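A short worksheet on the structure shown next.
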Amino acid sequence: MSSKSVTDGGITIEEEKQLVELRTRLDGDWGGVANWPEFCSDFALLRFVRGYHHDLTIIEKNVRLLFQFLQDFNAAEIRKIILAEPGEPIECYYDYTRLPHSAVVLNTYPERFYHGNDCLGNPFTVTNVNMLTDPNLLMEQLTPEQYLEYRVARLLMVQLLLHELSERHQKLIRITMVWDLNGFKVSHYQRLKDPKVMKFWGDLFERCAPCFPEIINKVIVFNLPWFLNAIWKAVKLTIPRRFVAKVVIFGSDISGIEERGPILLEDIPSVLGGKSTVPIGEYRPPALAEYYYICKLLLSTIS
């Protein structure tokens, strides 16, 4: 299977050799996705190479787990629903309304994947506590199978977007996730951990975790409450250091951030509630600290 070189995108000579070897091992056994570039391109496979520390045995094992995951969850049919038509702009992969059962899910959880690009070109999302409504509302309207179909479609859409952005920028593009937990209480946490809710969500996270490495750039958390901070201190001891290093946490004291001064509405694209005419695809908040101001200015318009 031919592949596009990404040498100019920062791949090392050793990584290039490993991609060749991985393709040799997988040749003729692509699990039905040989024509899906978002899973078979050099950039897609590079996520496995870097995510699993260049260990080809583990890499091959988890790539095959990905192929099995896609078969088990009928990804071929879901992909037909969300795949862009020829000539459609890349922005179509920022639109969750394309996903199956989105009308119900988005009415309950008003999430939107794409809110802009960070200074490195990585797309970022912003979530606040107001988006974490009662999961029972969702459970009343969808079956576990329907919600699973939506979540798998969302994973596929993210993969499609990251593939397109990586090809456009000729480097590995990842997601930056911004969470503002101001107002998140113990009762919220208990609601999300209810056994009925956990059963409704199922084991998708555990199933997909080995199959989608290196899609996260940073997880930036503002206003982390004390009890989640205690939980995080325990949990981070059990997860890979590589992921822990991606998590940036700010408590309620953000005085050092505020010294910079606010972002003006004139700096924010109009689609996000600002006054700038800059296309959203070209929006680049230039520094990590400015995510705080994006939260302050925009969460009311996207929640």
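Residue selection: THR133 satisfies the criterion of being over 25 Å from SER41 (Cα atoms), touching a helix residue (DSSP H, G or I) at 6+ places or on another chain (Cβ under 7 Å), among the polar types (S, T, N, Q) and modelled with pLDDT under 85.
The C-beta contact set for the range 225-240 (first residue outside the structural domain of TYR189 (by TED's automatic domain parsing), second residue loosely packed, with under 11 Cβ neighbours inside 10 Å and of a type outside the set (A, V, I, L, M), distance under 8 angstrom, 6+ apart or interchain) is empty. Any chance the range 6-25 includes a residue that's within 25 Å of ASP203 (Cα to Cα) and either within 19 Å of the chain's Cα centre (by Cα) or not assigned by TED's automatic domain parsing to the domain that holds ASN122 (or both)? No - not one qualifying residue is present in the range 6-25. Under the condition of being in contact with a helix residue (DSSP H, G or I) (Cβ under 6 Å, 6 or more places away or on another chain), more than 24 Å from PHE124 (Cβ to Cβ) and in a loop (DSSP other than H, G, I, E, B), the residues counted in the range 55-97 number 1.
Would you check if there is a residue in the range 156-167 being touching a Pro at 6+ places or on another chain (Cβ under 8 Å), in a strand (DSSP E or B), modelled with pLDDT of 85 or more and surrounded by 19 or more Cβ atoms within 10 Å (Cβ to Cβ)? Checked against the condition, which is being touching a Pro at 6+ places or on another chain (Cβ under 8 Å), in a strand (DSSP E or B), modelled with pLDDT of 85 or more and surrounded by 19 or more Cβ atoms within 10 Å (Cβ to Cβ), the range 156-167 yields no hits at all. The C-beta contact set for the range 66-91 (first residue more than 13 Å from TRP36 (Cβ to Cβ) and in contact (Cβ under 8 Å) with a residue 40 or more places away in the chain, second residue outside any helix (DSSP H, G or I) and not aromatic (Phe, Trp, Tyr), distance under 8 angstrom, 6+ apart or interchain) comprises ILE81/LEU99; ILE81/PRO100; ILE90/ALA84. The lone criterion from (1) within 21 Å of PHE205 (Cβ to Cβ); (2) at pLDDT below 75 left unmet by HIS115 is number (1). Looking at SER166, SER187, just one residue is free of Cβ contacts under 8 Å to residues at least 24 places away in the same chain and either in contact with a Gly (Cβ under 9 Å, 6 or more places away or on another chain) or of a type in the set (Gly, Ala, Ser) (or both), and that residue is SER187.
The values are calculated or read from the model by the stated rules, or taken from the named source; none is laboratory data. In this text the structure is predicted, and so the values were computed from the model without any measurement. Don't worry about glycine lacking a Cβ; one is built from the backbone with ideal geometry, like all the others, and counts go over all protein chains shown.
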